[in-house]
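First the structure, in the form of structure tokens, and then the observations on it.
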Amino acid sequence: PEDNEELTEKCQAYAEEGLRVLVLAHSSQNAEGTELPEGLEPLALMLLTDVIREEAPDTLAFFDSQEVDLKVISGDDPVTVSAIAKKAGLANADNYIDATTITTPEDMERAVAECSVFGRVTPQQKKEMVLALQKQKHTVAMTGDGVNDVLALKEADCSVVMAEGSDAAKNIANVVLMDSNFAAMPEIVNQGRRVINNIRTAAS
């Protein structure tokens, strides 16, 4: 319900702890389509949290040590995403932005250069982020698992998809993680380096 400052503050406090917040509300009026009915009275808050994989901090630390600039992109509230990213060990997790405030190509280029966490991102914006980073001469790897990620995965220089993800995402991916675990990525990077080094040695 709008114009409920106390409720908004309470939800914001939970979001800052990394919790997703759903409000159960009641109205005597009927809902029409996707429009909210008048006179909604909040009855309860339902709090959801992501479970951070045990190996996530080590994986993030590996990429940070390799000077990879990590970005976390989500459709959720940026405050919530930032808190979860911080728990997972993402550097600069406090540097977040609400993607609904990005309205021009210039805004996008500035955001991808300055921010590490993006919330309320649309599928089209994910694609625009990849293109903006490439325009800034970055080589971009994108990871995802859903149909919403397909546009960005197609544009990325390297696309990495979880096996438990959608068929559409897996069909266009360069790499599919069969156990749906991002912790395999450091070994994939090391294996790639070994192949490149062997080719260079053989070629010389």
- Could you grab me the full set of residues in the stretch 45-64 that are open to solvent by 80 Å² or more (accessible area, probe 1.4 Å) and either in a helix (DSSP H, G or I) or farther than 20 Å from Ala15 by Cβ (or both)? Arg53, Glu54, Asp58, Asp64
- Matching option when the condition is more than 13 Å from the chain's Cα centre (by Cα), open to solvent by less than 10 Å² (accessible area, probe 1.4 Å) and under 20 Å from Leu151 (Cβ atoms), among Ala111, Ala99: Ala111
- Task: Being closer than 19 Å to Gln124 by Cβ and under 16 Å from the mean Cα position of the chain (by Cα) is the filter here, so list the residues in the stretch 167-190 that pass it.
- Result: Ala169
- Members of the stretch 1-19 that are in contact (Cβ under 8 Å) with a residue 12 or more places away in the chain and open to solvent by 80 Å² or more (accessible area, probe 1.4 Å): Lys10, Glu16, Glu17
- Task: Scan (1) touching a Ser or Thr at 6+ places or on another chain (Cβ under 9 Å); (2) within 21 Å of Glu17 (Cα to Cα) for the single condition Asp69 breaks and write down its number.
- Result: (2)
- Message: Looking only at the stretch 65-75, filter to residues that are assigned to a loop (DSSP other than H, G, I, E, B) and of a type outside the set (Gly, Ala, Ser); which one of those is nearest to Asn190 (Cα to Cα)?
- Response: Gln66
- In the stretch 152-182, residue nearest to Arg53 (Cα to Cα) [restricted to those that are open to solvent by 90 Å² or more (accessible area, probe 1.4 Å) and among the charged types (D, E, K, R)]: Asp179
- Message: Just to be sure before I move on: is Met185 buried (at least 18 other Cβ atoms within 10 Å of the Cβ) and under 22 Å from Asp64 (Cβ atoms) in the structure I sent?
- Response: yes
- Here the residues within the stretch 26-44 that are part of a strand (DSSP E or B) and either closer than 25 Å to Ile84 by Cβ or modelled with pLDDT under 90 (or both) are Glu32, Glu35, Pro42, Ala44
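The values are calculated or read from the model by the stated rules, or taken from the named source; none is laboratory data. Keep in mind that what you see is a predicted model, and the values were worked out from it rather than measured. Neighbour counts run over all protein chains shown; Cβ positions are idealised from the backbone, glycine included. Accessible surface areas use protein heavy atoms only, side chains included; no ligands, DNA or RNA. Shrake-Rupley method; radii C 1.70, N 1.55, O 1.52, S 1.80 Å.
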